[in-house]
Amino acid sequence: MSARKPSKVSELSKIAAEICCGDVTQFDTSHKALRGTDMVVHLAGIRGDRPISMNEYRAVNVTETANLLKSCHVEGVRRFIYCSTVGVMGWIKNPPADETCKLRPIGPYHITKARAEELVTEYMSQGLVPKRLYEERLPFVRSQCAPICRDTFSRLFHG
């Protein structure tokens, strides 16, 4: 697992995830971190805790996802788990919704996360990442949620 600050993901080390320091927006860093990796859990993203330009949203949420997908393809990663957000679905006209609902993102964060989902789907349909893709739309992922994430990802790692 790549993290700028390993202390923010220390709970995840309890499930035998390897944590390395890096910045996913730097292609060389993420590419090198994937050598010899069997599985990638993609949680990286940027959200509006401060004023963020659309270009920065795109750079982190879309371009880094594209770079990560390319690196996974080159390095032969066998399993790719992408975590998005339920916000890509926008306002649901007739709840409940499921993964077949059309994406209707509202705002730059959700628009760029939806585009990243489309990239993952494109790579999978072209056979550039494994067909054994798992995509999760979580309502909220933060370091404070690490115990919940640890349980969710423990099931994914072993399932």
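The values are calculated or read from the model by the stated rules, or taken from the named source; none is laboratory data. Note that the structure is predicted; figures quoted are calculated from it, not measured. Note that we place each Cβ from the backbone using ideal geometry, even for glycine, and neighbour counts take in every protein chain shown.
Of all residues in region 101-115, those satisfying the criterion of being among the hydrophobic types (A, V, I, L, M, F, W, C) and either in contact (Cβ under 8 Å) with a residue 60 or more places away in the chain or not in a helix (DSSP H, G or I) (or both) are Cys101, Leu103, Ile106. Mind checking whether some residue in region 131-141 is at pLDDT 75 or above and either at negative phi or assigned to a helix (DSSP H, G or I) (or both)? No; the residues of region 131-141 include none that is at pLDDT 75 or above and either at negative phi or assigned to a helix (DSSP H, G or I) (or both). Test Glu75 against the criterion of being surrounded by fewer than 19 Cβ atoms within 10 Å (Cβ to Cβ), of a type outside the set (A, V, I, L, M) and modelled with pLDDT of 80 or more, and give yes or no. Criteria met by Glu75.
Of all the residues in region 25-60, those that are within 11 Å of Thr112 (Cβ to Cβ) and assigned to a helix (DSSP H, G or I) number 7.
Exactly one residue out of His73, His42 is out of contact with any Ser or Thr (no Cβ under 8 Å at 6 or more places or on another chain) and touching a residue at least 40 places away in the same chain (Cβ under 8 Å), and it is His73. Is it true that some residue in region 51-72 is modelled with pLDDT under 90, surrounded by 14 or more Cβ atoms within 10 Å (Cβ to Cβ) and more than 23 Å from Arg35 (Cα to Cα)? No, the conditions are met nowhere in region 51-72. The set of residues in region 97-130 being among the β-branched types (Val, Ile, Thr) and closer than 29 Å to Val74 by Cβ consists of Ile111, Thr112, Val120, Thr121, Val129. Residue count for region 88-105 satisfying the condition of being farther than 21 Å from Leu119 by Cβ and touching a Gly at 6+ places or on another chain (Cβ under 7 Å): 0.
May I ask you to verify whether Arg47 is touching a residue at least 12 places away in the same chain (Cβ under 8 Å), surrounded by fewer than 16 Cβ atoms within 10 Å (Cβ to Cβ), basic (Lys, Arg) and touching a helix residue (DSSP H, G or I) at 6+ places or on another chain (Cβ under 7 Å)? Spelling it out, it is not the case that Arg47 is touching a residue at least 12 places away in the same chain (Cβ under 8 Å), surrounded by fewer than 16 Cβ atoms within 10 Å (Cβ to Cβ), basic (Lys, Arg) and touching a helix residue (DSSP H, G or I) at 6+ places or on another chain (Cβ under 7 Å).
The set of residues from region 64-100 being out of contact with any Phe, Trp or Tyr (no Cβ under 9 Å at 6 or more places or on another chain), assigned to a helix (DSSP H, G or I) and not aliphatic (A, V, I, L, M) comprises just one member, Glu75. Here Thr85, Thr29 are screened, and the one residue that is at pLDDT below 85, hydroxyl-bearing (Ser, Thr, Tyr) and surrounded by fewer than 18 Cβ atoms within 10 Å (Cβ to Cβ) is Thr29.
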